[in-house]
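Trainee: Input: one structure, supplied below.
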Amino acid sequence: MNPSPDNAMENQSITRRLTASLIVTVLIVSIIAVTAMHRVVSLAAIRNLEQKTDETLAYLVGTLEIPLWTVDDDGIKMIGRTVSHDESIMRLIVKNESGAVTYSIEKENSGDPINRSAKIFHKQGNLENLAGEVSVSLTQSIYKTSNRRLLFLSVLIIFAILISIVIVTVIFIRTSLNKPLNSLNEIANRFASGTYDTSGLTLPYLEFQSFGRTLAQMAEKIEGQIRMVQEAEAKYRLIFENAIEGIFQSTVEGQFLNINPALAGILGYGSVDELSSSMSDISNNLYVNHEESDKLLSLLFERGAATGYEVRFRRKDEQVIWVSVSARMVRDNAGIPLFIEGFLTDISDRKRTEEELRNLNQELEQRVADRTALLEAANKELEAFAYSVSHDLRAPLRHIDGFLELLQKRTATALDEQSLHYMGIISKSARHMGILIDDLLSFSRMGRNQMSILRVDLRELTREVIREFEPETGNRNILWRVCNLPVVIGDRAMLRMVLVNLISNALKFTQPRQQAEIEIGWMRAQETETVIFVRDNGVGFDMNYVDRLFGIFQRLHRPDEFEGTGIGLAN
């Protein structure tokens with residue numbers, strides 16, 4: 001910048017320049033003010049005329065309703081002439097319900113009119129009947145004349161005021177502004193040098209004092225904002241330095257711009273400086289797989305951010321760790337990428353836990369598969385055993401049943417009633433044994449045959465099973481309590497087998513010489529599930545062995561106490 005004075009401006013006075021500028025400004029402001037005033041006054045006149053037109057139309061609608069309905073032409077004309085006396089009304093037309101004109105007047109058109117029209121209805125109860133129609137037009141000529149006068153007078157006043165202001169301002173500038181301008185110049189110099197202090201400088205006159213107070217408040221706000229920025233920067237730096245997550249800023253090309261101590265610790269470096277000096281290329285120095293780096297960078301370019309991106313990093317000691325990276329791409333206003341910022345956490349422990357869980361799941365799956373294979377083998381052995389036993393039992397059972405039938409035919413008339421009763425018991429027992437053999441075969445095939453889904457009356461089925469046990473319980477004192485069992489959906493053969501096993505156990509484990517109490521009932525476990533129970537007053541069992549209750553060939557008592565093979569409650 002050339003510090004020498006400009007010869008063209010050397011002899012010019014700032015006062016004259018300010019005066020000339022002020023005059024030009026006054027002229028421009030006057031033109032703008034006059035134009036704005038003209039616009040405002042014109043719009044106000046139009047709004048007033050529109051309002052007056054709406055009011056006139058509302059008045060005509062209200063006053064013409066009765067005359068139009070009663071066909072009072074004189075009343076209509078009187079109202080029309082009364083309203084037409086207004087100089088602003090240019091045209092008025094009144095029509096009856098059939099569209100015929102009952103009154104009209106049209107004055108000389110002297111400008112853009114405001115037109116309004118409305119239909120007139122006569123109310124009778126809830127009904128509205130068309131009585132006629134009215135149209136009215138108001139002219140703007142009267143308002144324009146008065147507006148022009150008002151505008152001309154306003155222009156004169158504005159110009160007079162502005163000229164007076166110019167004269168006073170010029171004199172004031174010449175005589176009074178030197179000291180305030182010098183003080184303002186000093187304040188500007190202080191602000192430019194970074195010293196936001198206005199003490200020791202006084203500005204005379206109330207106008208300048210307000211400006212001085214504003215400058216002082218500005219200086220306080222600037223200093224306060226500087227302190228806030230410094231405090232925020234200190235807080236950010238405190239968070240940045242003490243965060244447990246690794247925080248970073250890096251270039252798009254892969255160089256760190258800013259990192260915190262936590263990141264250096266996660267990557268196995270002793271300090272931020274050591275990491276910064278050792279890390280020239282993030283993709284090559286940190287990532288185990290370069291493709292993972294390229295994928296993350298693609299996500300940042302396409303979506304702008306990535307959250308929870310899991311990737312493998314290589315520490316300083318060559319140990320591989322898993323980290324979760326959340327980052328975003330920072331761009332300028334034009335959308336050009338500037339740098340990448342984000343944070344990462346070490347998730348190696350979580351990954352090891354997940355791996356252990358996967359291994360454990362695989363081990364459990366293998367154990368389940370092995371257990372399933374063992375159960376399949378056991379089921380096959382049980383089925384073979386059941387077929388063998390049923391084959392061995394059916395042969396003598398057929399002999400018993402056949403010879404019993406021959407014996408009944410030969411001695412039917414020779415035997416007394418008690419002998420016939422005993423032979424009936426033998427026959428029922430033989431049939432019961434056949435049913436038990438069928439149940440044994442069904443039990444051995446359980447899980448491999450598809451069960452039938454039918455409606456089963458449990459009360460009828462229970463009574464049928466109890467009758468089958470009559471040969472064994474005829475001489476015993478048994479109190480049966482059978483509740484009103486429901487009708488359920490299931491496999492009748494399987495349900496029968498369950499009832500047979502449960503009732504058999506109840507009979508077996510109650511004392512023969514005492515009264516046995518056996519209750520068969522049910523309860524609702526859930527909306528779609530029914531629980532059937534058999535309760536007796538027998539010896540019960542030790543709850544310490546409850547885990548053996550449903551095991552195959554498991555016994556809860558000594559063999560010398562109660563007979564049986566231990567398959568009654570196996571599932």
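Trainee: TYR103's amide H: which non-local residues (gap 5+, or another chain) put their own amide H closer than 5 Å, with H modeled 1.01 Å from N in plane and none for Pro or chain starts?
Mentor: VAL94
Trainee: Taking the alpha-carbon centroid of each part, what is the distance from segment 524-547 to segment 101-132 in angstrom?
Mentor: After rounding, the separation between the Cα centres reads 94 Å.
Trainee: LYS107: which lysines have alpha carbons under 28 Å from its alpha carbon, excluding same-chain residues fewer than 8 sequence positions away?
Mentor: By straight Cα distance, LYS107 reaches LYS52, LYS77, LYS95, LYS119, LYS144.
Trainee: May I pose another question? Sort 230-241, 341-352 by the packing proxy (mean of other Cβ within 10 Å over each peptide's residues), most packed first. Mind showing how you got there, number by number?
Mentor: On the way: 230-241: 10.8, 341-352: 16.3.
Peptide ranking by packing, descending: 341-352, 230-241.
Trainee: Per-residue counts of other Cβ atoms within 10 Å, averaged by peptide: what ranking do you get for 299-307, 331-339, highest first? Please list the in-between numbers first.
Mentor: Working: 299-307: 13.9, 331-339: 9.4.
Result, highest mean first: 299-307, 331-339.
Trainee: Between GLU341 and VAL320, what is the label-point separation in nm under the 7 Å Cα-to-beta-carbon projection?
Mentor: The two pseudo-label positions are separated by 3.3 nm.
Trainee: Tally Lys/Arg at +1 and Asp/Glu at -1 over every other residue whose Cβ is under 10 Å from the Cβ of PRO67; what's the total?
Mentor: Working: positive: LYS77; negative: GLU65, ASP72, ASP73, ASP74.
Spelling it out: positives minus negatives among the neighbours equals -3.
Trainee: Tally Lys and Arg at +1 and Asp and Glu at -1 over the other residues with C-beta under 14 Å from the C-beta of LYS107: what net charge comes out?
Mentor: Details: positive: ARG81, ARG91; negative: ASP86, GLU87, GLU106, GLU108.
Its environment carries a net charge of -2.
Trainee: Scaled to the compact-protein estimate 2.2 N^0.38 Å, what is the alpha-carbon radius of gyration of segment 206-279, rounded to two decimal places? Don't jump to the answer; show the numbers that get you there.
Mentor: Details: Rg = 20.7 Å, N = 74, 2.2 N^0.38 = 11.3 Å.
Normalised Cα radius of gyration, segment 206-279: 1.83.
Trainee: How much net charge surrounds GLU97 when only other residues with a Cβ under 14 Å from its Cβ are counted (Lys, Arg +1; Asp, Glu -1)?
Mentor: Values: positive: LYS95, LYS119; negative: GLU65, ASP72, ASP73, GLU128, GLU133.
That sum, taken over residues with Cβ under 14 Å, equals -3.
Trainee: Applying the Karplus parametrisation 6.51 cos²θ - 1.76 cosθ + 1.60 with θ = phi - 60° to the phi angles of segment 277-285, what ³J(HN,Hα) value in whole Hz is obtained for each residue in order, glycine and proline being reported as x?
Mentor: 6, 8, 9, 8, 9, 4, 4, 7, 7
Every number here is computed from the coordinates shown, using simple stated rules; none is lab data. Every value quoted in this text rests on a predicted model; they were computed, and no experiment measured them. Here the Cβ is made from the backbone with ideal geometry for all residues, glycine too, and neighbour counts use every protein chain on show.
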